[in-house]
Amino acid sequence: MSLPKEPRQKMINVMYLVLTALLAINVSDEILLAFKTIDRSLNNSNAVIDRKDETLFASLKEMLSKAETKDSAAVWAPRAQQAAQYSDEMIKYIDNIKNEMIAASEPEPAKDGKEATYNFKNTEAPTRLLVEESSGGDKRGEELLQKLTDYKAKMLGIHPSIKATFENDLPLNLAVPPSLNGGMEMPWAYTYFHMTPTVAAVAMLDKFENDIKNSEAQIVEYCHKQIGAVKIVYDKFVPIAEESSQYLMPGQELTITGGVGAFSTTSQPSVTVDGSSVPIGPDGTALYKTTVGGPGSYSKKVTISFKKPNGETGTVDKELKYTVGSPTGASVSADATKIFYIGLKNPISVSGGTKGDEATQVTTDNGTLEKTAPGKYDVTVTGGTESNITVTVDGKSTPFKFRVKQIPSPIAMVGTNSGGKFKLNDFKAQQGVRADLKDFIFEGVKYNITSFTFYATGKGFAENPGIAPNNGAVFSSDCRKYIDRCVVGTSVIIDDIKALGPDGHTRPLPPISFTLTN
């Protein structure tokens, strides 16, 4: 504040400054630590949202290059970019305010090997920069409120459907919580920043940045989803998957044809063989070719996905089996697939051809073999990329090559939802986080969630986010406390997810995020 020339008033103001300084000194270290923790958690939450946006924009770029989606992507991708531009400009403006405030807070320079830091307890810097209008004060708080208000209007103005969808649900809420002003009518900036410690003011500005990033993420995701709304003009479809032969000799070529009958380009068919994508031809079919290996019984898992007339995605899985012959008649087949997974008991069936089990010798060059019944073995491997099973009959040996792979990582889910919109009541009814290993050839293989961090931001958490580390898969009492506070418009992020696999290794899983809706 400025000091008047009148001596008596000067004395009163000096006393006021002294009292304020004493109050600032008495701010407890526990409170300052809490603000620093909130600030750090907000920055972590912002990083999670940034990673999600990067994934969406990468997908939008790919959609712009595809013939079936480029027209719709040309309409919605620029709108997503516009939302990102508005957000970047607003966050840059807030970052400038934070930097000015920190510079004015009497920062402590680096010395004795310690990094430079700002004065967390300083209350003069936020007040002078954002509240006071007397000489030396900028009163930037009113400008900040106006820019945030304009930002919200610009985001909703990107498209009429965006306004209709998010007008009441955008995470950026500029209303002052009653608990901050005690029910009294006070200016917006005064309520948030007057005589506020610098660390609390920085945390509040980070909170607005978090709301901005959440708003951007929701609108970018909305634009991304609009591109998939393609009209389909056929009403009947038949998935097809066929192999060229069910019996081959070593070195022969196996051909698999997959696709959708009554093909339409708008069906957007997708075909994978054992998880690997196969290009779609002009007629809507995918042609997969491979040279078969050693003797044995094999199978290929073909997955065909396509859009139905009602806009839903249909998926059909088909297992194609074939046999590769052997000059000796010996064979080895994996009871699950032609792959050994590290850490699991991989069942195989072994045949000596014209000879019985007692005349058949089985060995491996990687892992261990456990005989479970005549002609039945469990193979356990602990590493490597390849394992050869050798069958010896009448002194003649035939090798059978198997690939060695890690058990795939699961995806984290809450209920049946792995991200996106989640009905509020359905979310509150969930018990915790689970790991789902989708489309894995082995049944009963499970991952167990060992820990995660729960974040709740947006509506219902205007003053600060709800943050709770969680051990185990079930929501702890701390998580449940924040879940009970969630309302329509709350954003929930589950990050730092760890899952213990059947191979005994703990794996980090990608974060998942939800927007709670009616």
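The values are calculated or read from the model by the stated rules, or taken from the named source; none is laboratory data. Not measured: the values here are computed from a predicted model. No Cβ is skipped: glycine too gets one built from the backbone with ideal geometry, and neighbour counts run over all protein chains shown.
Residue under question is VAL350, and the condition is that it be of a type in the set (Val, Ile, Thr), buried (at least 19 other Cβ atoms within 10 Å of the Cβ), free of Cβ contacts under 8 Å to residues at least 60 places away in the same chain and in a strand (DSSP E or B); does it hold? Here the answer is yes, as VAL350 does meet what is asked. When the stretch 160-195 is filtered for residues that are assigned to a helix (DSSP H, G or I) and modelled with pLDDT under 75, the ones remaining, listed by number, are PRO178, SER179, LEU180, ASN181.
A quick yes/no check of all residues on (1) at pLDDT 80 or above; (2) under 33 Å from the mean Cα position of the chain (by Cα); (3) part of a helix (DSSP H, G or I):
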site	(1), (2), (3)
ALA84	yes, yes, yes
ILE91	yes, yes, yes
ASN96	yes, yes, yes
ASN99	yes, yes, yes
LEU129	yes, no, yes
SER134	no, no, no
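GLY275 falls short on exactly one of the conditions (1) outside the structural domain of LEU42 (by TED's automatic domain parsing); (2) at pLDDT 60 or above; (3) more than 30 Å from the chain's Cα centre (by Cα), and that condition is (3).
Got at least one residue in the stretch 383-404 being assigned to a strand (DSSP E or B), among the basic types (Lys, Arg) and at pLDDT 90 or above? Yes, there is a match, as at least one residue in the stretch 383-404 is assigned to a strand (DSSP E or B), among the basic types (Lys, Arg) and at pLDDT 90 or above.
The condition (being modelled with pLDDT under 95, surrounded by 15 or more Cβ atoms within 10 Å (Cβ to Cβ) and assigned by TED's automatic domain parsing to the domain that holds ASN425) is satisfied by just one residue among PHE454, PHE461, PHE475: PHE461. Of the residues in the stretch 287-297, none is in contact with an Asp or Glu (Cβ under 8 Å, 6 or more places away or on another chain), modelled with pLDDT of 70 or more, closer than 23 Å to ILE227 by Cβ and in a strand (DSSP E or B). I'd like to check something: does the stretch 387-409 contain any residue that is of a type in the set (A, V, I, L, M, F, W, C), in contact (Cβ under 8 Å) with a residue 40 or more places away in the chain and closer than 24 Å to ASN214 by Cβ? Scanning the stretch 387-409 turns up no residue that is of a type in the set (A, V, I, L, M, F, W, C), in contact (Cβ under 8 Å) with a residue 40 or more places away in the chain and closer than 24 Å to ASN214 by Cβ.
If only residues of the stretch 329-343 that are of a type outside the set (Gly, Ala, Ser) and surrounded by fewer than 18 Cβ atoms within 10 Å (Cβ to Cβ) are counted, the one that is modelled with the highest pLDDT is ILE339.
Among the residues of the stretch 54-75, which ones are within 30 Å of LYS147 (Cβ to Cβ), within 22 Å of the chain's Cα centre (by Cα) and of a type outside the set (S, T, N, Q)? Within the stretch 54-75, GLU54, LEU56, PHE57, ALA58, LEU60, LYS61 qualify.
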